[in-house]
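Structure first, commentary second.
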Amino acid sequence: MIESPFFSDEEYGSRLRNLRKTMAGRNLDMCLICVPENIYYLVGLSHQGFFACHMLLVPADGELVLITRAMEQAVVRDQVSRATHVGYADHEDPAAVACKVLRDRGFVAGCIGIEKNSLFLTPRIAEGIASQLSHSQISDVSGIVDEQRMIKSPREISYTRQAAEVADAMMEVAIETADEGVSEKEVAA
């Protein structure tokens, strides 16, 4: 596993505690996080496989489970230490796999929130989960992590300031370079 070059385990732990606090306030026993940016925010997964359905199962307490295509195993192994990985084959139904994982971990009924506003959670998958968890109360929790992400930690603020300094320096050089007869390519360089 590669240690995140950006954020510490304490940062990820704080993010998870904040999410669980929000979940408790909404009486949620489980959240299925399906937006790639939010999965990245919570466990650090950054990969090109986001076009396929992947879900982070966040219980009110206990172990996180990351469900992705099985072929993402090496990437997940190298990037994510804060969740157990379960892979599904391309011929398998992600909804069935998610529900099996939930049942295997003792979740058969309760209040479950699903981030439905995700381009990568199709209606068929969302409906499949709902039908297989018919004894659960399911709600749409789209935005639950997005709201949390809007409040920046000291480390995030520091990175934002560093990025702004780099952007300012780049623009200053571009402005100085721009002149009559200078190509856009030269200005960009």
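Summary of computed values
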{"quantity": "Tensor-based shape of region 64-170 (alpha-carbon gyration tensor, a/c under 1.5 rounded, otherwise prolate or oblate)", "calculated": "prolate"}
{"quantity": "Rel. contact order, % - alpha carbon contacts under 8 angstrom, at least six apart, the chain", "calculated": "20 percent"}
{"quantity": "Rounded percent of accessible protein surface that carbon and sulfur make up, the chain, 1.4 Å probe", "calculated": "54 percent"}
{"quantity": "For the chain, calculated [θ]222 nm from helices alone, where every DSSP H run of n ≥ 4 adds -39500 (n - 2.57)", "calculated": "-14000 deg cm²/dmol"}
{"quantity": "Hz values of 3J(HN,Hα) by residue in region 64-70 - Karplus curve (6.51, -1.76, 1.60), Gly and Pro given as x", "calculated": "7, 10, 9, 10, 9, 4, 4"}
{"quantity": "DSSP bridge orientation in region 1-124 - percent antiparallel, rounded to nearest 5", "calculated": "45 percent"}
{"quantity": "Answer label for mean projected area of the Cα convex hull in nm² (calculated), chosen among (1) 16.9; (2) 13.3; (3) 11.3", "calculated": "(2)"}
{"quantity": "Segment Glu63-Ser46, length gained on full extension (0.36 nm per residue, minus Cα span)", "calculated": "4.1 nm"}
{"quantity": "Cα-based shape type of region 119-189, given that a ≥ b ≥ c are square roots of the gyration tensor eigenvalues and the cut on a/c is 1.5", "calculated": "oblate"}
{"quantity": "Per-residue ³J(HN,Hα) for region 94-111, Karplus 6.51 cos²θ - 1.76 cosθ + 1.60, θ = phi - 60°, Hz, x for Gly and Pro", "calculated": "x, 5, 5, 5, 4, 5, 5, 4, 4, 5, 4, 9, x, 8, 10, 7, x, 9"}
{"quantity": "Dipole moment magnitude, nearest 20 debye, the chain about Cα centre, only Lys, Arg, Asp, Glu C-beta charged", "calculated": "1160 debye"}
{"quantity": "Only Lys, Arg (+1) and Asp, Glu (-1) charged, at Cβ; region 36-87 dipole about Cα centre in debye", "calculated": "120 debye"}
{"quantity": "Mean Cβ count within 10 Å, highest first, over the residues of peptides 26-33, 58-65", "calculated": "26-33, 58-65"}
{"quantity": "Over region 16-93, relative contact order from alpha-carbon pairs under 8 Å, at least 6 apart, %", "calculated": "26 percent"}
{"quantity": "Cα shape, region 1-111, gyration tensor, a/c 1.5 rule", "calculated": "oblate"}
{"quantity": "Surface per residue (accessible, 1.4 Å probe) for the chain, Å²", "calculated": "58 Å²"}
{"quantity": "Mean-position separation - Cα centroids, region 44-74 and region 147-189, in angstrom", "calculated": "32 Å"}
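The values are calculated or read from the model by the stated rules, or taken from the named source; none is laboratory data. From a predicted model like this one, the values you see are computed outputs, not experimental measurements. A quick note on method: Cβ atoms are made from the backbone with ideal geometry, for glycine too, and the neighbour counts reach across all protein chains shown. Calculation scope for accessible area: heavy atoms of the full protein, side chains included, ligands and nucleic acids excluded. Shrake-Rupley method; radii C 1.70, N 1.55, O 1.52, S 1.80 Å.
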